[in-house]
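Here's the structure we're looking at; comments come further down.
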Amino acid sequence: MFGLSGQRLQQGFAELGDLTGRTADEIIASVGAPISQSMTGPGRTLLQWQSGSYHIGILFEQGQFAGIMSEDSGLLPGGRALAQGFASLGNLVGRSKDEIVAVVGPYSSFSVAGPHQVLLQWQSNVYHIALLFEGDVCVGITHEFAI
């Protein structure tokens, strides 16, 4: 399955569902070989897949799934509408991930930022915003850009 299109690769991961308890070998058998493999410590490996605009980096400990370190689905359509959706929410601090996603749609990028912290990003052809979350609560905007 090496060389799947970005959309097919993303769909392959979506079909796997919750990765908890899965091994690297099981995931590779389902979606194909990663494009890179890095040792991050004793018994810890970061595998990364990328095709087209889709990228996912998964951490494994002793060959078992330990967490998604980053995921990026590429550009979202409708940049002006995306910016207007965020503007309609007003102050984002204190809002939950689910509340924000319900208004503006799914994020295009996910990165671990620290213990219990994630950075979620929404990016389109004319608008980009990055929000820092502690748990499921937004603690602030780290970056916002509009053309």
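Miscellaneous remarks
- A Förster radius of 35 Å combined with the Cβ-Cβ distance from Ser38 to Gln11 puts the calculated FRET efficiency at roughly 0.90.
- Förster radius 41 Å - calculated FRET efficiency between Gln117 and Asp25, Cβ distance, rounded to 0.05: 0.85
- Dividing the summed helix terms, -39500 (n - 2.57) for each DSSP H run of n ≥ 4, by the number of residues in the chain produces a 222 nm estimate of -7500 deg cm²/dmol to the nearest 500.
- Distance between the modelled labels on Arg80 and Lys97, one decimal in nanometres: 3.2 nm (7 Å Cα→Cβ projection).
- If only the Cβ of Lys and Arg carry +1 and only the Cβ of Asp and Glu carry -1, the dipole of the range 6-72 around its Cα centre is close to 120 debye.
- Segment Gln50-Gln62, length gained on full extension (0.36 nm per residue, minus Cα span): 2.0 nm
- For the chain, the equivalent ellipsoid derived from the alpha-carbon gyration tensor has semi-axes of 29, 18, 12 Å in decreasing order.
- Taking Cα centre as origin and charging only the Cβ of basic (Lys, Arg, +1) and acidic (Asp, Glu, -1) residues, the dipole magnitude of the range 79-146 rounds to 160 debye.
- Structural descriptor for the chain: relative contact order 16 percent, calculated from alpha carbon pairs under 8 angstrom and at least 6 residues apart.
- A simple count of charges around Gln117, restricted to other residues whose Cβ falls under 15 Å of its Cβ and scoring Lys, Arg +1 and Asp, Glu -1, yields -1.
- The Cβ shell under 13 Å around Met69 holds other residues with a net charge of -2, Lys and Arg each +1, Asp and Glu each -1.
- Residue-count net charge about Gly57 - beta-carbon cut-off 14 Å; Lys, Arg +1, Asp, Glu -1: -1
Each value in this text was obtained by applying a stated rule to the coordinates, not by laboratory testing. Source: prediction; values computed, not measured. Neighbour counts are summed over all protein chains in view; Cβ atoms, including those assigned to glycine, are modelled from backbone coordinates with ideal geometry.
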